[in-house]
1. Work out, step by step, the length gained on full extension between Gln96 and Ala60: first 0.36 nm times the residue separation, then minus their alpha carbon distance; give nm to one decimal.
2. In Å², and per residue, what accessible area does segment 6-62 have when probed at 1.4 Å with the other protein chains present?
3. Starting from 0.36 nm per residue, how many nanometres of slack lie between Met131 and Asp113 once their C-alpha separation is accounted for?
4. With a cut-off of 15 Å, note down the residues of segment 35-50 whose backbone N falls inside the zone around a label point 7 Å from the Cα of Gln15 toward its beta carbon.
5. Can you work out the Karplus-derived ³J(HN,Hα) for every residue in segment 76-92? Use 6.51 cos²θ - 1.76 cosθ + 1.60 with θ = phi - 60°, whole Hz, and x for glycine or proline.
6. Report D for segment 18-79 in µm² per second (integer): Stokes-Einstein, Kirkwood Rh on Cα pairs, 25 °C, 0.890 mPa s.
7. Less than 14 Å Cβ to Cβ from Met1, Lys/Arg counted +1 and Asp/Glu -1: what total charge do the surrounding residues give?
8. With no solvent and one equal point scatterer placed on each C-alpha of segment 5-113, evaluate the Debye formula and give log10 I(q)/I(0) for q = 0.10, 0.14, 0.23 Å⁻¹, two decimals.
Amino acid sequence: MDIDDIPESHRDLLQADVATLATVGPDGRPQLSAVWFLVGSDSVALSLNSTRQKVSNLRANPAVNLFILDRERPSRYLEIRGDAELAEDSDYSFAQQVGAKYGADLREYDGPDATRLVVTIRPTRINAVDMEAGN
């Protein structure tokens, strides 16, 4: 399964400015964070600060959910469940791509001991919901 499996009716949500990332915390409960993201040909990827709890969560359990709400029609949303793959972004090349989309320098959000990781979400299930349309 990959991004191409998202129905045309919901592909516009991939252009949203923010998504909600859910990871599994150390106590087994969900932890949610608003995140910036980029869409690739077969996955969605994030740039995360290595010192954040969500990164620790993903290292312990790669199960992830990315939720994108249509803020103009909140009865419509896209849910991408999957497994996260983490890779070092020591030269900030991916972080710069994310920053270009959002007009930000992600280094400004990182402390002196932080690094960046590319978190690639490999979809295992995609739910495209429109409650007004009955699905």
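1. Using 0.36 nm per residue and subtracting the Cα-Cα distance, I get 10.3 nm.
2. 50
3. Length difference between fully extended and current span is 2.0 nm.
4. Of the residues in segment 35-50, 39 have backbone N under 15 Å from the label point off Gln15.
5. After applying 6.51 cos²θ - 1.76 cosθ + 1.60, I find 10, 7, 10, 10, 10, 9, x, 10, 8, 10, 9, 9, 5, 10, 4, 8, 6 Hz.
6. After rounding, the answer is 196 µm²/s.
7. Working: positive: Arg81, Arg122, Arg125; negative: Asp2, Asp4, Asp5, Asp42, Glu79, Asp83.
After counting each charged neighbour, the total is -3.
8. One equal scatterer on each Cα of segment 5-113 leads to -0.30, -0.59, -1.44.
The values are calculated or read from the model by the stated rules, or taken from the named source; none is laboratory data. Being a predicted model, the structure only gives us computed values, none of them experimental. No Cβ is skipped: glycine too gets one built from the backbone with ideal geometry, and neighbour counts run over all protein chains shown. In case anyone asks, the SASA skips ligands and DNA or RNA and just uses the protein heavy atoms, side chains included. Shrake-Rupley method; radii C 1.70, N 1.55, O 1.52, S 1.80 Å.
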